[in-house]
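What follows draws every value from the coordinates through simple rules; no lab data is involved. Values in this document were obtained by computation on a predicted structure and should not be read as measured data. Glycine gets a Cβ as well: all are built from the backbone with ideal geometry, and neighbour counts include every protein chain shown.
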Amino acid sequence: MSELSELYQQVILDHNKKPRNFRKIEQADRTAEGFNPLCGDQLTVYMQLEDDVVKDISFEGSGCAISKAAASMMTQSVKGKSREEAEALFDEFHRMVTGELDEKTTPNRLGRLTIFAGVRDYPARVKCASLSWHTMHAALHGEETISTE
Ligand code: ZN
C-alpha cells in the first residue's frame, strides 16, 4: 500500500468516526439535500451566510465512509470562506476528483483535500466524494435538492 493511500485511509476513518460539524444549524438560512442513489448516500447541508461569507456550515445524513468523510472535510474547508472562495474550492475539488486538475502540477488551494485525488480512478466513488460539495454548491445557489443521477 502506498503512503498516500495509507494517509487516505487514516483520514477517512478519523472523519467517519468523528465527523466535524455534524449537526443541524437551527437558524440556517440555506439548506440543501443531496442524494447519491448509486451508493445510497444522502445528506443535508446547513449554511449560514453573512455578508457573503459562510459564517457557519454543517451537515447531517447517512452514507458510506467516503461521503461522510468528504462532507466533514468540506465543512471544515468552506467555513469562514467567502462565497467566491467556496465556489472556487468546489470547482477545484470537482476538477481534481474527475481528473481534470492534476493537484501535483497545478497550483490550487485544496490543501488536505488532495487526499481525495485517488478517487478519480473509481468513477462510482467520485460521486460519493463530491456529493457534499454539490450539495453545498446547491445551497449557495438557493436550490433545495440535488441528485448525482
Ligand atoms: Zn457513497
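Mean-square fluctuations from a GNM of the chain, with a 10 angstrom spring cutoff on Cα atoms, peak among Lys17, Lys127, Lys104 at Lys104. The Cα atoms of segment 87-149 give a gyration tensor whose axes a ≥ b ≥ c have a/c of 1.5 or more with a/b no greater than b/c, which makes the shape oblate.
Over segment 22-61, consider all pairs of different Cα atoms and compute the Kirkwood hydrodynamic radius from their mean reciprocal separation; express it in Å, one decimal. By the Kirkwood definition, the hydrodynamic radius is 10.7 Å. In the chain, taking the dipole from charged Cβ atoms about the Cα centre, the farthest positive-side position among Ala70, His94, Gly80 is held by Ala70. Helix 83-97 versus the longest principal axis of the chain: what is the Cα-based angle in degrees, 0 to 90, to the nearest 10? Roughly 30 degrees between the two axes.
A convex hull fitted around the alpha carbon atoms of segment 11-94 yields 86 Å³ per residue. Straight Cα distances below 24 angstrom link Lys79 to the lysines Lys17, Lys18, Lys24, Lys55, Lys68, Lys127, with same-chain residues fewer than 8 positions distant left out. When only the Cβ of Lys, Arg, Asp and Glu is charged (+1, +1, -1, -1), the dipole of segment 3-143 relative to its Cα centre reaches about 460 debye.
Computed over neighbours whose Cβ is under 11 Å from that of Ser72, the net charge equals +3, Lys and Arg +1, Asp and Glu -1.
Let me check I've understood the local charge: for Leu113, count other residues with C-beta under 11 angstrom from its C-beta, Lys and Arg +1, Asp and Glu -1. What total comes out?
That sum, taken over residues with Cβ under 11 Å, equals 0.
Rg to Rh ratio, segment 3-143, alpha-carbon atoms and Kirkwood radius?
With Rg and the Kirkwood Rh in hand, the quotient comes to 0.94.
Using C-alpha pairs below 8 Å separated by at least 6 residues, the relative contact order for the chain is 30 percent.
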